[in-house]
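> Quick one: structure below, then a few questions.
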Amino acid sequence: MNVSILGTGYVGLTTGACLAYLGHNVTCVDADESKIAALERGEVPFYEPFLAELIAEARCNLKFTTDYAVAIPGAQVVFIAVGTPPGPRGAPDLKYLEAAARGVAEHLTGSFTVVVNKSTVPIGSGNWVGSLVREAFQHSHGRKADGSFAVASNPEFLREGSALHDSLYPDRVVIGADEPQTAEVLYTLYRPILDQTFQAPPYLPRPEELGAVPLISTDLASAELIKYAANAFLALKISYINEIGQLSEKVGADIAQVAKGIGLDARIGTRFLQAGIGWGGSCFGKDTSALIATATEYGLEMPIVKSACEINRRQRERVVEKLLAALRILKGRTIGLLGLAFKPNTDDLREAPALDIAAKLIERGARVKVHDPVAMDRFRREHKGLDVICCESPEEVIQDSDAVVLVTEWPQYRELDWEPLARTMRSAIILDGRHALDRARMTRAGFRYIGLAC
Ligand code: UGA
């Protein structure tokens, strides 16, 4: 099929690469000329494992352009995957979505095109995009758009760092459309994924247990709500285990065992029960705020989701409180932060807990040293105002520090030779913000081990 994708962020580029790999003709569009030029050269604008490899492999099916006039005419499916950054009052800012919808309308040629909302958009956006396209079509073509397009919602559930795996081997595909023929177009597009009939790339093997992928075919509003409800549920699962973690610390329980003990109940599930600093990233914070904002419009409170957000905010403060309790004085101390990205395997710094924690420590007079295996360049570019010392290696962070905080659980940090490193510190204190290190091993290596829930 001929597919165009508007926006080359994590969602747009991953979707484009995967659909091109499946054999569709894909055109990726972005307003940023330098980004498109970089993609033409085979450079991926952010760190995502195997994305460059998949793009290279699917290159013959992929085009990159800044021009809607190239991308829209002849496309059977147009995905809108532009950014919906958080707006001032919790609701996302939809200006890029609006511009994309109008741009599509101006270049539709009259043959049936499905316009798909792939960005996470507030409930009701499907209808809104439909009316924008209709209005702009009439304005630019001087006639009604009847029959030339339909809107669908196809929310994305990929996680940064494992975006390709999640796209090729999803737990489910959700399609929201108000007419059956619209949904049919998307079934055809996703058929190789639904039936798992494509040949798996060698670097992304198909999970052995994976059979056919379930399809949820529903109306627009339900598809839009599924996305928010899923992210909010995952966010509250994390906050729940962090709340239990606080009690676990008080009663002397082992939070890892507690999480396993409850998670093995199939009704609960073991994933997203890793206690620690809590969530960061561009999705959970934004989507929980958006859900609360939507509910407010309907006179609803969402107290559970609000509490999850509050617990998440508190976890970052607890890091500072724990350091203060261990060191008594933070002024003049040197604190090392291992990890800047909001999670391993990405260089994304949006809403990253490390930034917040660094700022709070600086406010209290501490010097802060930082390191991240892949996010240093991006950090230097995007956070010039944060007065920290950038280090080339984790060893440099640890040396002469009064305490070190593991903020992001990169595997290479776990594998450090900790024993000699403990001797290079002013006081060998490790705050394991992700409960990713082995307490007994760290204690043997000479550290005073502090967890967030122990
Ligand atoms: C999240 C969802 O997991 C995806 O399904 C969704 O598509 C995406 O948002 C989105 O809306 O675009 P992502 O934010 O990339 O994906 O990353 P996650 O793996 O969900 O992690 C989010 C945060 O939660 C990270 O900071 C991570 O460290 C934290 N986390 C995760 C925990 O603190 N504990 C856990 O047990 C799991």
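The values are calculated or read from the model by the stated rules, or taken from the named source; none is laboratory data. Just so you know, these numbers come straight off a predicted model, no measurement behind them. FYI the Cβ positions are ideal-geometry reconstructions off the backbone, even for glycines, and counts take in every protein chain you see.
> Which one of Gly7, Gly83 is on the phi > 0 side of the Ramachandran plot, within 16 Å of the ligand (Cβ to nearest atom) and under 18 Å from the mean Cα position of the chain (by Cα)?
Just a single option satisfies the conditions, and that option is Gly7.
> Moving on. Residue pairs, Cβ under 7 Å, 6 or more apart or interchain, first in segment 264-285 and in contact (Cβ under 8 Å) with a residue 24 or more places away in the chain and within 20 Å of Ile357 (Cβ to Cβ), second near the ligand (Cβ under 6 Å from one of its atoms) and aromatic (Phe, Trp, Tyr). List them.
Close Cβ pairs satisfying both conditions: Gly280/Phe342; Gly281/Phe342.
> Go through the residues of segment 307-326 one by one and say whether even a single one is of a type in the set (A, V, I, L, M, F, W, C), in a loop (DSSP other than H, G, I, E, B), more than 13 Å from the ligand (Cβ to nearest atom) and touching a residue at least 24 places away in the same chain (Cβ under 8 Å). Lay out the reasoning, then the answer.
Start the filter on segment 307-326 by keeping residues that are of a type in the set (A, V, I, L, M, F, W, C), which leaves 308-309, 311, 319-320, 323-326.
With the extra rule that they be in a loop (DSSP other than H, G, I, E, B), the set shrinks to none.
Looking for residues that are of a type in the set (A, V, I, L, M, F, W, C), in a loop (DSSP other than H, G, I, E, B), more than 13 Å from the ligand (Cβ to nearest atom) and touching a residue at least 24 places away in the same chain (Cβ under 8 Å), one finds none in segment 307-326, hence no.
> Condition (residue is more than 16 Å from the ligand (Cβ to nearest atom) and closer than 29 Å to Ala52 by Cα) applied to segment 335-344: is it met by at least one residue?
no
> While we're here: Only one residue in Val397, Val374 is within 22 Å of Arg426 (Cβ to Cβ) and hydrophobic (A, V, I, L, M, F, W, C), so which one is that?
None of the others qualify; the one that does is Val397.
> Here's something else I'd like to know. Right, Leu168: within 30 Å of Ser131 (Cα to Cα), buried (at least 16 other Cβ atoms within 10 Å of the Cβ) and under 17 Å from the mean Cα position of the chain (by Cα) or not?
The answer is no for Leu168.
> With (1) surrounded by 23 or more Cβ atoms within 10 Å (Cβ to Cβ); (2) within 15 Å of the ligand (Cβ to nearest atom) as the list, and Glu351 as the residue in question, which single condition is left unmet?
Every listed condition holds for Glu351 apart from (1).
> Filter segment 95-111 down to the residues that are part of a loop (DSSP other than H, G, I, E, B) and either at pLDDT below 95 or touching a Leu at 6+ places or on another chain (Cβ under 7 Å) (or both), then identify the one that is nearest to Met1 (Cα to Cα).
Once the filter is applied, the top-ranked residue is Ser111.
> Quick check: anything in segment 295-304 in contact (Cβ under 8 Å) with a residue 24 or more places away in the chain, within 16 Å of the ligand (Cβ to nearest atom) and either in a helix (DSSP H, G or I) or surrounded by fewer than 20 Cβ atoms within 10 Å (Cβ to Cβ) (or both)?
no
Matching residues to (1) of a type in the set (Phe, Trp, Tyr); (2) within 29 Å of Asp166 (Cβ to Cβ):
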residue	(1), (2)
Phe342	yes, yes
Asp348	no, yes
Arg367	no, no
Leu386	no, no
Cys391	no, no
Gln399	no, no
Pro411	no, yes
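> Ok, one more. Considering only residues that are closer than 20 Å to His165 by Cβ and either among the small types (Gly, Ala, Ser) or in a helix (DSSP H, G or I) (or both), which ones fall in segment 48-60?
Those that are closer than 20 Å to His165 by Cβ and either among the small types (Gly, Ala, Ser) or in a helix (DSSP H, G or I) (or both): Leu51, Ala52, Glu53, Leu54, Ile55, Ala56, Glu57, Ala58.
> Please determine, by comparing only the residues of segment 86-112 that are of a type in the set (D, E, K, R) and within 21 Å of Asp287 (Cα to Cα), which one is surrounded by the most Cβ atoms within 10 Å (Cβ to Cβ). If you could, list the steps in order and put the result at the bottom.
The first filter runs over segment 86-112 and keeps only residues of a type in the set (D, E, K, R), leaving 89, 93, 95, 98, 102, 106.
Remaining after also requiring within 21 Å of Asp287 (Cα to Cα): 89, 93, 95, 98.
Numbers: Arg89: 8, Asp93: 13, Lys95: 13, Glu98: 16.
In this case the residue turns out to be Glu98.
> Hey, another quick one. Could you list, in sequence order, all residues of segment 397-453 that are in a loop (DSSP other than H, G, I, E, B) and acidic (Asp, Glu)?
Asp400, Asp402, Glu409, Glu415, Asp417, Asp438
> Would a scan of segment 11-30 turn up a residue that is surrounded by fewer than 19 Cβ atoms within 10 Å (Cβ to Cβ), in a loop (DSSP other than H, G, I, E, B) and free of Cβ contacts under 8 Å to residues at least 60 places away in the same chain?
No, every residue in segment 11-30 fails to be surrounded by fewer than 19 Cβ atoms within 10 Å (Cβ to Cβ), in a loop (DSSP other than H, G, I, E, B) and free of Cβ contacts under 8 Å to residues at least 60 places away in the same chain.
> So Ile36 passes all but one of these: (1) in contact with a strand residue (DSSP E or B) (Cβ under 7 Å, 6 or more places away or on another chain); (2) among the aliphatic types (A, V, I, L, M); (3) within 23 Å of Pro155 (Cβ to Cβ); (4) part of a helix (DSSP H, G or I). Which condition number does it fail?
(3)
> Just one of Ile226, Ile193, Ile241 is of a type in the set (A, V, I, L, M, F, W, C), crowded, with 16+ Cβ neighbours inside 10 Å and more than 30 Å from Ile277 (Cβ to Cβ); which is it?
Being of a type in the set (A, V, I, L, M, F, W, C), crowded, with 16+ Cβ neighbours inside 10 Å and more than 30 Å from Ile277 (Cβ to Cβ) holds for just one of Ile226, Ile193, Ile241, which is Ile193.
> Only one of Ala20, Ala75, Ala69, Ala37 is within 24 Å of the chain's Cα centre (by Cα) and not hydroxyl-bearing (Ser, Thr, Tyr). Can you tell me which?
Criteria check complete, one pass: Ala20.
> (1) away from the ligand (no atom under 16 Å from the Cβ); (2) touching a helix residue (DSSP H, G or I) at 6+ places or on another chain (Cβ under 7 Å); (3) over 17 Å from Ala326 (Cα atoms): which one isn't true of Glu363, the others all being true?
Status for Glu363: all satisfied but (2).
> Among the residues of segment 417-437, what is the count of those that are away from the ligand (no atom under 16 Å from the Cβ) and touching a strand residue (DSSP E or B) at 6+ places or on another chain (Cβ under 9 Å)?
Filtering segment 417-437 down to residues away from the ligand (no atom under 16 Å from the Cβ) leaves 417-430.
Narrowing further to those that are touching a strand residue (DSSP E or B) at 6+ places or on another chain (Cβ under 9 Å): 418, 421-422, 425-430.
Within segment 417-437, residues that are away from the ligand (no atom under 16 Å from the Cβ) and touching a strand residue (DSSP E or B) at 6+ places or on another chain (Cβ under 9 Å) number 9.
> For segment 260-294, which residues satisfy the criterion of being in a loop (DSSP other than H, G, I, E, B), basic (Lys, Arg) and within 12 Å of the ligand (Cβ to nearest atom)?
Residue satisfying the conditions is Arg271 alone.
> If a residue counts only when it is of a type in the set (Val, Ile, Thr), over 21 Å from Thr84 (Cβ atoms) and within 16 Å of the ligand (Cβ to nearest atom), which helices (runs of 4 or more DSSP H) contained entirely in segment 150-259 have at least 2 such residues?
Fully inside segment 150-259 and qualifying: 220-251.
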